[in-house]
Amino acid sequence: MYGWVKDTRPDGDFAALHVHSSSGEVRSAFADGMGKVEHFDFTFARASSAEVRLSLDN
């Protein structure tokens, strides 16, 4: 799984992306600041699916 996450809000929080794979692994990417972009490229062994959660964190 690959892509990017971008923080688009000037609120002091940052964008947090968490990927939970069917094999139990969890990987995260954080865009820490207004306009910041974080690219990610995650590989999960023995996983057939994944759930992606996007949230704000501080």
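All of the numbers you see were taken from the coordinates with simple rules; none came from a lab. Note that this is a predicted model, so its numbers are computed, not measured. With ideal geometry, Cβ positions are generated from the backbone for all residues, glycine too; neighbour counts draw on all protein chains shown.
Counting only residues that are closer than 17 Å to GLU51 by Cβ and either aliphatic (A, V, I, L, M) or in contact (Cβ under 8 Å) with a residue 24 or more places away in the chain (or both), region 16-35 holds 10 of them. Taking region 4-58 only, how many residues are among the small types (Gly, Ala, Ser) and exposed (fewer than 11 other Cβ atoms within 10 Å of the Cβ)? Residues meeting the conditions: 7.
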